[in-house]
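Take a look at the structure set out below.
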Amino acid sequence: MFGLRLILVMAAIGGLIAYIADKLGSKIGRARMSVFGLRPKYTSILLTVLTGILISVVTIGIMAAASQSARAALFGMEKLQKDMQALEKGKQDADEELKAKNAVIAQLDEKIQQSSRQNDEMEANLKNLNERYIVQQNEVASLTESKDQLTGEVKKLEGMTEALTKGLTNVRVGTIFYLAGEVVYAGVLQGGLSHDENEGQLAWFMESANNSVLSSIGIERDPEKPVQIVWLTAEEWESAVKKLDEGKGNMLVRVRTLGNIVLGEPVVCNLEIDENQLIYAVGDLILSETVDLKKANTGADMILMNFLSAVNHATVEAGVKSDPITGKVGNINAATVMEKSEEMKKLGGRIKLSAYADGEITTAGPVKVKLEVKAD
């Protein structure tokens, strides 16, 4: 509506100016007026041109006065062009940045897809591992049950063996309480002290041995009425003190019976004295042996028992004092033997058996070993 009014006003003003110019031209033509020394004809032409110019100027002025857009088009065109160029450049920069971000987004999408595939693979692997774990857990439960049953059977067999051993001993020796050469007491004394100090520690040691034997046969010690049941000859006493005088460091002393001792008789003994040296440090290899279960003529249980017997022999050879009656230097738990035997059966083929010192082992013993079973 505003544009229509503007057109009507400009048309009216243009018509008015043209009318006035026409009248002036006619008047100048009749009067044959001259401007700037021009002929009336050219003066009329000049007036017509000036009128057209005036119409244009007035038209543009009215448009500029009436419309902000017209003023911007007339006087701000250059600025608008510069602004448009800046906007165009900004648009190009934005397009390039958008392309770069789209490329980054594409890379991220690829990584997300790759991570998704890896996650699917990991979930599949986890599912397989869970299934295998359940199967192995069931197998372990079954093996544990079998192991418990075997352990119970081993304990029963041990009890039967002990009962048979006692029965056999009673048949062979009757009422004999100590066998000849049996160790009734053992301990470690310090060698290299003065003669009086050595006699003092040996007297204390023999008193302890006497009390131990009294306790083993069920006699309570009475300080007011001492009972002397363990006896040494004077020569044995003097020889023991001399060995302590000449010895150095720790000395292993074992009290051993000279013959079979019937319950109620004095326990006549001699003394076995040796340096208590360190034979094996913690973790030292005692014995190692490689066996082939496929080629062996015996089972894993017998192979393991033979290996333990060889370990016993090796420690005795190295200097550990064994029990004079049994020849053993230590004991190993039956459950451990069963466990290692089962490991051997599972591995099969060539197997390396190793025995390591499970603590420091001296001449006095006992020998505590750590067994290792692995494929060779």
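The values are calculated or read from the model by the stated rules, or taken from the named source; none is laboratory data. In this text, all values refer to a predicted model and were calculated from it rather than measured experimentally. Every residue, glycine as well, gets a Cβ built from its backbone with ideal geometry; the counts of neighbours run over all protein chains shown. Note: areas computed on protein heavy atoms with side chains; ligands, DNA, RNA excluded. Shrake-Rupley method; radii C 1.70, N 1.55, O 1.52, S 1.80 Å.
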Under the Karplus relation with 6.51, -1.76 and 1.60 and θ = phi - 60°, whole-Hz ³J(HN,Hα) for the stretch 100-112, x at Gly and Pro, equal 4, 5, 4, 5, 4, 4, 5, 4, 5, 4, 5, 5, 4
Note the full-extension length gain between S116 and K242 as 0.36 nm times their separation in residues minus their Cα-Cα distance, in nm to one decimal.
36.8 nm
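Taking the stretch 185-260, which trypsin sites (Lys or Arg not before Pro) meet the DSSP loop condition and have no more than 10 other C-beta atoms within 10 Å?
Here the trypsin sites (Lys or Arg not before Pro) that fit, given the DSSP loop and packing criteria, are K248.
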Accessible area of T298, 1.4 Å probe, to the nearest 10 Å²?
70 Å²
What are the lysines whose alpha-carbon lies under 27 Å from the alpha-carbon of K79, with same-chain residues fewer than 8 places away excluded?
K89, K91
Going through the cross-link list K147/K346; K346/K374; K340/K370; K328/K370; K127/K147; K321/K368, which pairs have a Cα-Cα distance over 21 Å in this structure?
K127/K147
From the phi angles alone, apply the Karplus equation (6.51, -1.76, 1.60; θ = phi - 60°) to the stretch 228-236 and give each ³J(HN,Hα) in whole Hz, x where the residue is Gly or Pro.
9, 10, 9, 10, 10, 6, 4, 5, 5
Phi-derived 3J(HN,Hα) across the stretch 215-227 with the Karplus relation (6.51, -1.76, 1.60, θ = phi - 60°), rounded Hz, x for Gly and Pro, is 5, 5, 9, x, 9, 6, 6, 10, x, 7, 10, x, 10
